[in-house]
1. Give the residues of region 16-35 that are over 30 Å from SER123 (Cα atoms) and either of a type in the set (Gly, Ala, Ser) or outside any loop (DSSP other than H, G, I, E, B) (or both), sorted by residue number.
2. Just checking, does region 160-176 include any residue being within 28 Å of the chain's Cα centre (by Cα), touching a residue at least 12 places away in the same chain (Cβ under 8 Å) and open to solvent by 80 Å² or more (accessible area, probe 1.4 Å)?
3. Restricting attention to region 36-52, report how many residues are assigned to a strand (DSSP E or B) and β-branched (Val, Ile, Thr).
4. Could you pull out the residue among ARG130, ARG116 that is modelled with pLDDT under 95, among the basic types (Lys, Arg) and either open to solvent by less than 90 Å² (accessible area, probe 1.4 Å) or closer than 15 Å to TRP1 by Cβ (or both)?
5. Could you give every pair whose Cβ atoms fall below 8 Å, whose first residue belongs to region 193-220 and is assigned to a loop (DSSP other than H, G, I, E, B), and whose second residue is of a type in the set (Lys, Arg), counting only separations of at least 6 or pairs across chains?
Amino acid sequence: WVHRRRDHGGVIFVDLRDRTGIVQIAFSQEIEKTAHQVAEALRSEFVIELKGKVIARTPENINPKMATGEVEIEGLELVILNKAKTPVFSVSDEQEVDDAIRLQYRYLDLRREQLRNNLILRSKIVKTMRDYLDREGYLEIETPILTKSTPEGARDYLVPSRVNNGKFYALPQSPQLFKQLLMVSGFEKYYQVARCFRDEDLRADRQPEFTQVDIEASFVKEEDIINMINSLLTEVLNSIGRKFPENIPHIPYDEAIDRYGSDAPDLRFGME
């Protein structure tokens, strides 16, 4: 994708983007006239195919703000695979855009750096969790999405059955019933990255469908679970360059309710 284009007369510079980042391409009229002529037609968000030579930038042209700022590509062959209309909002600038517009043009929104990095970060976190739980002897087991309604904390979403007229499946709020079946069946340690569906009012930390990492274990004590989760979070945060805090306080339920009015208090603000 053409991120930006700058025409300096005899040389056209293009910032080329894919999901790994951005690199600068230089199309020189003196080096490859045909590629330079094609590059004159390039605009933002054109999709192109390129062949070229990676060369080191001269010291005065190094761009420390770019991860690839020490090199550029000398463009030798250029094919325009797909032209693009002018985007409704800029992909290259992190400008404020109305949420309704962002959702209407979601494919443009997801090209922006912050959202792209969010998805890459999420993928990295889930992979780290899977690797850790695999080393700890947990099996990853999928459970059905179309299931029988079970009494839980919110209303179920219902899906009508075509082959059983007047009957419905329920989407799971969490895989509770299957957790119990698996535990009784002897799968004493398992996990899943579970999709959950709850027909309830929106909250700050809840939406109609969401994903949670579900971890189940038999024959363990409370301290085993706390230690395992601490180790898991340490590994996850280390993988993204963060540090898991040491000596997290353990507060009994009654004390937490008495001091903070919540069993999940935010201790950053000291508001007892």
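1. The answer is ALA26, PHE27, SER28, LYS33, THR34, ALA35.
2. Within region 160-176, the first condition is being within 28 Å of the chain's Cα centre (by Cα), and the residues that meet it are 170-176.
Subsequent filtering for residues that are touching a residue at least 12 places away in the same chain (Cβ under 8 Å) retains 170-176.
If we keep only those that are open to solvent by 80 Å² or more (accessible area, probe 1.4 Å) too, we end up with none.
Scanning region 160-176, I find no residue that is within 28 Å of the chain's Cα centre (by Cα), touching a residue at least 12 places away in the same chain (Cβ under 8 Å) and open to solvent by 80 Å² or more (accessible area, probe 1.4 Å), so the answer is no.
3. 2
4. Numbers: ARG130 fails: modelled with pLDDT under 95.
Matching residue, one of ARG130, ARG116: ARG116.
5. Sorted first by the residue in region 193-220, then by its partner, the pairs are ARG198/ARG155; ARG198/ARG206; GLU200/ARG155; GLU200/ARG206; PRO208/ARG198; SER218/LYS189.
Residues checked against (1) in a loop (DSSP other than H, G, I, E, B); (2) of a type in the set (Val, Ile, Thr):
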position	(1), (2)
ARG111	yes, no
ARG116	no, no
VAL126	no, yes
GLY137	yes, no
GLU152	yes, no
VAL163	yes, yes
LEU182	no, no
GLY186	yes, no
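Residues are listed down the side, and each one gets a yes or a no for (1) at negative phi; (2) surrounded by 11 or more Cβ atoms within 10 Å (Cβ to Cβ); (3) within 22 Å of the chain's Cα centre (by Cα); (4) at pLDDT 90 or above:
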site	(1), (2), (3), (4)
ASN227	yes, yes, no, yes
LEU232	yes, yes, yes, yes
VAL236	yes, yes, yes, yes
PHE244	yes, yes, yes, no
ALA256	yes, yes, no, yes
ALA264	yes, no, no, no
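Residue-by-condition table, conditions (1) of a type in the set (Val, Ile, Thr); (2) closer than 22 Å to ASP134 by Cβ; (3) loosely packed, with under 15 Cβ neighbours inside 10 Å; (4) more than 18 Å from the chain's Cα centre (by Cα):
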| position | (1), (2), (3), (4) |
| --- | --- |
| VAL184 | yes, no, yes, yes |
| VAL193 | yes, yes, yes, no |
| GLN207 | no, no, yes, no |
| GLU216 | no, yes, no, yes |
| PHE219 | no, yes, yes, yes |
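The values are calculated or read from the model by the stated rules, or taken from the named source; none is laboratory data. In this text, all values refer to a predicted model and were calculated from it rather than measured experimentally. FYI the Cβ positions are ideal-geometry reconstructions off the backbone, even for glycines, and counts take in every protein chain you see. Keep in mind that these areas ignore ligands, DNA and RNA; they rest on the heavy atoms of the full protein, side chains included. Shrake-Rupley method; radii C 1.70, N 1.55, O 1.52, S 1.80 Å.
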